[in-house]
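Notes follow the structure.
The values are calculated or read from the model by the stated rules, or taken from the named source; none is laboratory data. Just so you know, these numbers come straight off a predicted model, no measurement behind them. Backbone-built Cβ (ideal geometry, glycine too); neighbour counts: all protein chains shown.
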Amino acid sequence: MATKVKIDPLTRIEGHMKIEATIDGGEVKDARCAGTLFRGFEIILKGRDPRDAQRITQRVCGVCPTVHGTAATLNLDSAFGIANKVPDNGRVMRNLILGANYLQSHILHFYHLTALDYVDVTAVADYSGDDPALLSVRDFIARGELAPFAPRYEGDYRFAKEVNQKLVKHYLMALEMRRVAHEMLTLFGGKMPHNAAVVPGGVTEQPTIDKITGFLWRLNNIRYFIDSVYIPDVVAVAQTYPDYFGIGDGPGNFLSYGVFDLDGTNPDYAKRERMFQQGTVKGLSDLAVLDPSNITESVKHSWYEDSDPVRPLEQETKPAARKKDGYSWIRSPRYEGEVYEVGPLARWVVSYFAGNKKVKDTLDACVSDLGIKLEDLNSVLGRHAARALDAKVVADSMGEWLLELNPGEPVCATYEIPDESEGMGIVDGPRGSLGHWIRIKDKVIDKYQLVVPTTWNGGPKDEKGQYGPMEQALLGTKVKDAANPFELVRIARSFDPCLACSVHTLDFKGSEIASLRVV
Amino acid sequence: MSSKVYEIPAVYIAGAACSGCSVSLINTINPNVQNLLVDPVIPGKHVSLRFHATIMAGQGEPVMKVLRDTAKEIPGEYVLIIDGSIPTGEDGIYCTLGEIDGKEVTMMEMAADLAKKALAVLAVGTCSSFGGIPSGEPNPTGAKSVMEFLKEQKIDKPVINIPGCPPHPDWIVGTIADILINGLPTADKLDEVLRPKAFYGELIHDNCPRRGFFDAGQFARNTGEPGCLYELGCKGPYSYADCPNRQWNNGTNWCIGAGAQCIGCVEPDFHDQLAPMFQKIGEDDLERFKIKTR
């Protein structure tokens, strides 16, 4: 008999999401992912000064505001006709600002959003060492009020007690590391979340030698953490939960807009030289050139008035909250009408097949060391591994970019807001491919449209009945215990659905899962 | 463990929000996040955070029941923290928090149920305090601030606003610590729009390190130039917060420090009345905003 498992809310992500799975014979036969908050940014942006888009769109997400700021400024640069005029200082500082938030975001995701699905904090209850942080966690457990670390799923925690304790310690260290990543960003960005310095034309901040040095040493501490703690911990999870290389495979189509401009002279972002390359890969074979005009969005199962799939600038945002076929506020973006996964794994697969030597060498070594095949990366663990490698390569590169800054040289180009224009800003953020599109009329925003990473990954079925990437990853999954469906939440969180944050772990009492109903 | 620790229950729910307030909160330094969640943040008092969707271990209906049971079982004993504005259009359907007994619960319903029984409500962030970005024209979801919403629902409850997009972690933590040490703030501790004067008492412009340029009439004309940013649209002359003294992210920098205009993110008029953000606002407006916010 089929059982429907609903997980609403899916927590430890950014924002409001639910997942539903119909389980029959221990296997997921149908799956739905739904976004449950609508704010209407595209409607709010209409009629405003185009420059305000950079500030307003950062507020789409407090975890990944930086990449929205980046996409918005690329978009405005292109609409203002200055896409190839940003001074090198501006380009490099934008890379450093975005890179710092990559590190913040990846560390936060692995430790504070994901780890509680694998690490048992209750192992600290009889901690007998002398680490003050773990002792305070032990005392907290002893007092007995375990919120917000209870209730939780019970069962599949596989680490030995001492390893659990060590991982809890790393979880606490990671809190500090992600905070330092924000602090580092702030040197050039003014404040975080929602940085103030990235603007059309470049940045507002000057690179000075004290800031460069302060940035460098914060970065060095984070690099040490990534190499000696984060990556080994991901390997530990991979070795202890190796079955997750076989769980959560997505559509197998990967899309990346590339990221980190290495040269600012080509105004075409789809072809600009970037550290991670632009393109698409199907079935782990050859790279195809990225053509943004192939991107459309379907609203068949989204709570918007019905329309045919259209390109972003042709999209109308007309909410229809009670639409019969709707089950999500997320739209369904498609590339050439097909379903594509985005994110660190997609970025790495695309750069791998684009011949990026650093990516290829790193990924080949990773696959060989873990004793897996390249195709095994299309999985829960593959996404975590790609994210950790992403953090390492970005952090290492930032150390090189930092020395390219020239104090005293220009940071920003000047511009006039055109009466009429169109623009596009595409760039990969921590969670994947982000696109902003704008049409300007009478010097104000006539149309602004965003297609964000979690729209690609977390969107619902389209008019052809094709499931979204997260839904596909859930389909066919064998669920051992429908009352504690670890598999489902581990799959969903491996995509890092645009999330937020925070702290500690633990709990005890066995919990009943969401609504467990027979259908 | 030597002396008795009292548990102070709190629940944190988010409506039309971006999680930026939560991310800012975890940038707190003294106390750090661990201290905040695990340790008695004030001697003898531990804040027991029963619900926070991005922090908590659990998911699904069991965590929704935590919310329901908090209102039912310990009325008058818990602090309600609201992040994000409350979408009220179409009966609140634009934001649902989760399901209980197979029924979706809207932010609107949950905010009302929890507020009725709460000791007090902390509105964290500008969306929650004043409506913020989601309530911007034409306010497609009928997003309301906590103050407006409670008034409409005829729920009489002490509200403290901690605006900012996002608020500085010290503002949030400091307000909570004040409640734990001194109890709910008396009226004289808050300004006309219910912000703690301790953090929002002075005009940014009055403490700005670039104030000397303003007084000398030296204005930046282009981004990245030295000088006062007033001509480039800086809203420091209309905004009340201690950013210039406190600075952000461990005292590293702040908006104006990085050469960027203040956008007035702590003000009730953010972001409609204070837009365009990069455009100078005239003398008339200065008077208007002063009257309105003071």
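Screening B:G60 on (1) at positive phi; (2) surrounded by fewer than 23 Cβ atoms within 10 Å (Cβ to Cβ) shows it passes everything except condition (2).
Look through region A:247-294, keep the residues that are small (G, A, S) and in contact with a strand residue (DSSP E or B) (Cβ under 9 Å, 6 or more places away or on another chain), and return whichever of them is modelled with the lowest pLDDT. Ranking the qualifying residues of region A:247-294, first place goes to A:G283. When every residue of region B:234-246 is checked against the conditions, at least one turns out to be over 21 Å from B:N161 (Cα atoms) and crowded, with 22+ Cβ neighbours inside 10 Å.
Screening A:A181 against (1) more than 7 Å from chain B (Cβ to nearest Cβ); (2) in contact with a helix residue (DSSP H, G or I) (Cβ under 6 Å, 6 or more places away or on another chain); (3) surrounded by fewer than 22 Cβ atoms within 10 Å (Cβ to Cβ) leaves a single unmet condition, (3). On inspection, A:S421 qualifies as among the hydroxyl-bearing types (S, T, Y), over 24 Å from the mean Cα position of the chain (by Cα) and at pLDDT 95 or above. One residue stands out in region B:67-78 among those that are surrounded by fewer than 18 Cβ atoms within 10 Å (Cβ to Cβ) and closer than 18 Å to B:I100 by Cα: the one that is farthest from the other protein chains (Cβ to nearest Cβ), namely B:K72. Somewhere in region B:154-164, is a residue within 15 Å of the chain's Cα centre (by Cα), within 13 Å of chain A (Cβ to nearest Cβ) and either over 30 Å from A:T414 (Cβ atoms) or not basic (K, R) (or both)? Yes; the residues of region B:154-164 include at least one that is within 15 Å of the chain's Cα centre (by Cα), within 13 Å of chain A (Cβ to nearest Cβ) and either over 30 Å from A:T414 (Cβ atoms) or not basic (K, R) (or both). In summary, A:C33 fulfils each of the numbered conditions (1) away from chain B (no Cβ under 13 Å); (2) modelled with pLDDT of 95 or more with the single exception of condition (2).
Within region B:270-286, identify whether any single residue is assigned to a helix (DSSP H, G or I), out of contact with any helix residue (DSSP H, G or I) (no Cβ under 9 Å at 6 or more places or on another chain) and more than 7 Å from chain A (Cβ to nearest Cβ), and answer yes or no. Yes, region B:270-286 has at least one match.
If you go through region B:90-119 and pick out every residue that is buried (at least 19 other Cβ atoms within 10 Å of the Cβ), touching a residue at least 24 places away in the same chain (Cβ under 8 Å) and within 12 Å of another protein chain (Cβ to nearest Cβ), you end up with 8.
Residues that are aromatic (F, W, Y) and in a loop (DSSP other than H, G, I, E, B) within region A:56-107 comprise just one, A:F80. Applying the criterion of being in a strand (DSSP E or B) and surrounded by fewer than 19 Cβ atoms within 10 Å (Cβ to Cβ) to the residues of region A:21-30, the residue that is nearest to the other protein chains (Cβ to nearest Cβ) is A:T22.
Scanning region B:16-30 for residues that are surrounded by fewer than 18 Cβ atoms within 10 Å (Cβ to Cβ) and either outside the structural domain of B:G174 (by TED's automatic domain parsing) or in contact (Cβ under 8 Å) with a residue 40 or more places away in the chain (or both) returns a single hit, B:I29. Of the candidates A:T70, A:T122, the single residue that is within 12 Å of chain B (Cβ to nearest Cβ) and in contact (Cβ under 8 Å) with a residue 40 or more places away in the chain is A:T122. The single condition among (1) surrounded by fewer than 24 Cβ atoms within 10 Å (Cβ to Cβ); (2) modelled with pLDDT of 95 or more; (3) of a type outside the set (A, V, I, L, M); (4) assigned to a loop (DSSP other than H, G, I, E, B) that B:C262 does not meet is (1).
Under the condition of being touching a residue at least 60 places away in the same chain (Cβ under 8 Å) and within 13 Å of another protein chain (Cβ to nearest Cβ), which residue from region B:137-153 is nearest to the chain's Cα centre (by Cα)? Out of the qualifying residues, it is B:A143.
State yes or no: is A:Q165 at pLDDT 95 or above and either outside any loop (DSSP other than H, G, I, E, B) or within 16 Å of A:H112 (Cα to Cα) (or both)? Yes, satisfied.
Can you say whether A:G99 is away from chain B (no Cβ under 11 Å), out of contact with any Asp or Glu (no Cβ under 6 Å at 6 or more places or on another chain) and under 27 Å from B:V5 (Cα atoms), as far as the supplied structure shows? No. The number of residues in region B:154-205 that are touching a Gly at 6+ places or on another chain (Cβ under 8 Å) and either farther than 18 Å from B:G84 by Cα or without any contact (Cβ under 8 Å) to a residue 12 or more places away in the chain (or both) comes to 7.
Checked against the criterion of being crowded, with 24+ Cβ neighbours inside 10 Å, more than 23 Å from A:W456 (Cβ to Cβ), modelled with pLDDT of 95 or more and hydrophobic (A, V, I, L, M, F, W, C), the candidates A:V121, A:V67, A:V86 yield just one match: A:V86.
Evaluating A:T11 against the criteria (1) without any contact (Cβ under 8 Å) to a residue 60 or more places away in the chain; (2) among the polar types (S, T, N, Q); (3) surrounded by fewer than 24 Cβ atoms within 10 Å (Cβ to Cβ) leaves one unmet condition, (3). For region B:240-250, residues that are within 9 Å of another protein chain (Cβ to nearest Cβ) and within 18 Å of A:R179 (Cα to Cα) total 4.
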